[in-house]
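Heads up, the thing below is written out as structure tokens.
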Amino acid sequence: VLMNCLNGARYLTDAIASVQAQTYRDWELIFWDDDSTDDSWARATQAAQTDPRIRCFLGEGGQSLGMSRRLATNLARGAYLAILDCDDLWYSDKLARQVAFMDAHPSVAFTFSDCDFIDAEGAPRGLAFVRTPPPANEAMYQVLYRGLLTSPNFMLCPTLLFRTED
């Protein structure tokens with residue numbers, strides 16, 4: 001699990017707790033702090049002291065989120081890669097369901113799902129697929145692939161699970 005952070009202390013403890021609450025227990029969390037000026041680093045390292053699956057890294061700051069994610073990805077050791085931003089939460093069965101599907105379908109490179117939008121207080125604000133629905137025809141996924149990489153789409157980062165093998 002990759003978690004990049006820049007001044008995300010407000011939600012960070014809950015985000016980390018949502019990873020720790022996973023029913024799928026064989027995970028590692030790569031926490032990458034991009035030189036936060038709040039207490040994000042302190043909160044993450046405190047969580048790491050009680051959970052050896054959490055590994056914390058402090059970046060130098062000033063680089064893009066994409067570069068920070070690439071650097072954090074290079075540190076990951078698992079067969080799968082998931083991204084959880086420090087202001088997002090997962091349901092406790094998220095990894096278990098996706099890993100089971102991926103294990104049962106070895107030709108699938110990644111999975112994604114719908115997600116709930118919530119506001120700063122945790123109140124529901126609707127489903128992602130209502131805002132940007134996926135195509136109804138599965139054959140369209142191949143046609144849409146390039147567009148999915150370059151424009152807004154229905155696959156949101158906190159729902160993705162990728163294989164790390166080529």
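Points worth noting:
- Most positive-pole-ward Cα, ALA100, ALA48, ILE83, against dipole of region 46-106 from beta carbon charges: ALA100
- Whole-percent carbon and sulfur share, accessible surface of region 27-127, 1.4 Å: 55 percent
- Each peptide in 71-81, 30-40 receives the mean, over its residues, of other Cβ atoms within 10 Å, and ordering these scores from highest gives 30-40, 71-81.
- Residue by residue, region 76-88 carries 3J(HN,Hα) couplings of 6, 10, x, 6, 10, 10, 10, 10, 10, 6, 6, 10, 10 Hz when phi is fed to the Karplus relation 6.51 cos²θ - 1.76 cosθ + 1.60 (θ = phi - 60°); x denotes Gly or Pro.
- In terms of accessible area, using a 1.4 Å probe and ignoring ligands and nucleic acids, ARG43, ARG55 rank largest first as ARG43, ARG55.
- In a simple Cβ point-charge model (Lys, Arg +1; Asp, Glu -1; nothing else charged), region 40-91 has a dipole of about 240 debye relative to its Cα centre.
- Scanning residues 5 or more positions from LEU29 or on other chains, those with amide H under 5 Å from its amide H are ILE54, ARG55, with H placed 1.01 Å from N in the peptide plane.
- Amide H partners (placed H, <5 Å) of CYS115, local residues excluded: ALA128, PHE129
- Most to least packed among 107-113, 157-163 [average Cβ atoms within 10 Å]: 157-163, 107-113
- Heavy-atom accessible area per residue - region 49-120, 1.4 Å, Å²: 59 Å²
- Computed log₁₀ I(q)/I(0) - Debye formula, equal Cα scatterers, no solvent, region 44-123, q 0.11, 0.16, 0.18, 0.20 Å⁻¹: -0.42, -0.90, -1.10, -1.26
The values are calculated or read from the model by the stated rules, or taken from the named source; none is laboratory data. Since this is a predicted model, take the numbers as computed values, not measurements. No Cβ is skipped: glycine too gets one built from the backbone with ideal geometry, and neighbour counts run over all protein chains shown. Heads up: the accessible areas ignore ligands, DNA and RNA and are worked out on the full protein's heavy atoms, side chains in. Shrake-Rupley method; radii C 1.70, N 1.55, O 1.52, S 1.80 Å.
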